[in-house]
């Protein structure tokens, strides 16, 4: 098994999503997005929230990212809320939702609006079950894809009314890369 170090990762080529990014910030855009997403059998999944730098401060999940191989949908919860359509999709056990270390994401999202998660696959857990010694998104990307992820936007303000282009690219990549990692894991079997 190859060793993945911080130095190794820094030398790898950058991986970025190159498909279409849809910022979902209205009810109309949300309805159109879910019409497409419910036709998929698997989606990349991630969430973002505004970071806190003061003890005791708390921010709810601001962004839910769902990605197909070609399209990433960024749902701005501050603008559109936690819709019935989002709840139905996240509770649908026939659509796989793939992500890395998603337990906290789901717990935090449940604080926004209660739902019963179904169809979620945690790729960090799958890595452990397959004796892969790496669990974080960056390390799994390096291990399975020989690429590195930029984490520069991780601590940006996800509650911004308008997401910057770097934020959009970061958020889309983090959801989409789960699909690519999953493909790599399937090759192990």
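Structure notes:
- Cα gyration tensor category, rounded, prolate or oblate, for segment 83-189 with a/c compared to 1.5: oblate
- For the chain, the longest principal axis of the Cα atoms and the long axis of helix 103-112 meet at an angle of about 10 degrees.
- Neighbour-count ranking [beta-carbon atoms within 10 angstrom, fewest first] of 147, 138: 147, 138
- Ordering 103, 162, 141, 68 from the fewest to the most neighbouring beta carbons within 10 Å gives 162, 103, 68, 141.
- Across all directions, the shadow cast by the convex hull of the chain built on its C-alpha atoms averages 11.0 square nanometres.
- The Cα atoms of segment 145-184 give a gyration tensor whose axes a ≥ b ≥ c have a/c of 1.5 or more with a/b greater than b/c, which makes the shape prolate.
- In this label model, residue 146 and residue 107 are separated by 3.7 nm, measuring between points 7 Å along each Cα→Cβ vector.
- Likely footprinting exposure, 18, 113, fewest C-beta neighbours within 10 Å first: 18, 113
- Taking label positions 7 Å along the Cα-Cβ direction at both residue 118 and residue 40, the computed distance is 1.9 nm, reported to one decimal.
- Relative contact order [Cα under 8 Å, 6+ residues apart], the chain, whole percent: 31
- One compactness figure for segment 97-159 is 1.29, namely its Cα radius of gyration divided by 2.2 N^0.38 Å.
- Antiparallel bridge percentage (DSSP; both residues within segment 21-188; nearest 5): 50
Just so you know, all these numbers are worked out from the coordinates, no wet-lab data involved. Quick caveat: nothing in here was measured; it's all calculated off a predicted structure. All Cβ positions, even for glycine, are placed from backbone atoms using ideal geometry, and neighbour counts span all protein chains on display.
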